[in-house]
1. Which one of these does ALA36 not meet: (1) surrounded by 14 or more Cβ atoms within 10 Å (Cβ to Cβ); (2) within 16 Å of the chain's Cα centre (by Cα)?
2. What is the residue count in the range 1-12 for residues that are assigned to a helix (DSSP H, G or I) and either of a type in the set (A, V, I, L, M) or loosely packed, with under 12 Cβ neighbours inside 10 Å (or both)?
3. Quick check on the range 54-97: of everything there that is under 30 Å from ALA6 (Cα atoms), modelled with pLDDT under 80 and hydroxyl-bearing (Ser, Thr, Tyr), which residue is surrounded by the fewest Cβ atoms within 10 Å (Cβ to Cβ)?
4. So is VAL15 among the hydrophobic types (A, V, I, L, M, F, W, C) and surrounded by fewer than 11 Cβ atoms within 10 Å (Cβ to Cβ) or not?
Amino acid sequence: MKAVPAWVTYSVYRVLLFAVPLTILLALQITWWIAALVAALIGVCLSYLFLRKPREQVARGLYEARHPVTETAHPDAESEDAAIDRAAGDALQRERQGE
């Protein structure tokens, strides 16, 4: 069984940290927009306090995706480099023969 990606876990926790306080505030019959605002503030504070490890895992995964260890080469890059090197070698040989 595959492990759940860190960003999915982090997103679910963030949604829960918003939805639970929102549900409680709405059950207390607080105006919906005030309840949403307060629930958002509670969610941000709680996620900052308790979700440090998942947040760092997501950040690390994003960094690694944007900065790979090895540079990905285009499939034709090797053949193009070889053709350029061959052409440069041929030009150098012609130049030496012309001397």
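1. Unmet for ALA36, out of (1) surrounded by 14 or more Cβ atoms within 10 Å (Cβ to Cβ); (2) within 16 Å of the chain's Cα centre (by Cα): (2).
2. 3
3. THR70
4. Here the answer is no, as VAL15 does not meet what is asked.
Residues checked against (1) in contact with a strand residue (DSSP E or B) (Cβ under 7 Å, 6 or more places away or on another chain); (2) in a helix (DSSP H, G or I); (3) of a type in the set (A, V, I, L, M, F, W, C); (4) in contact (Cβ under 8 Å) with a residue 12 or more places away in the chain:
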site: ALA35; (1), (2), (3), (4): no, yes, yes, yes
site: CYS45; (1), (2), (3), (4): no, yes, yes, no
site: GLN57; (1), (2), (3), (4): no, yes, no, yes
site: GLU64; (1), (2), (3), (4): no, yes, no, no
site: GLU78; (1), (2), (3), (4): no, yes, no, no
site: ARG86; (1), (2), (3), (4): no, yes, no, no
site: LEU92; (1), (2), (3), (4): no, yes, yes, no
site: GLN97; (1), (2), (3), (4): no, yes, no, no
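The values are calculated or read from the model by the stated rules, or taken from the named source; none is laboratory data. Predicted, not measured: the structure shown is a model, and the values here were computed from it. As a convention, Cβ positions derive from the backbone with ideal geometry for all residues, glycine included, and neighbour counts pool all protein chains shown.
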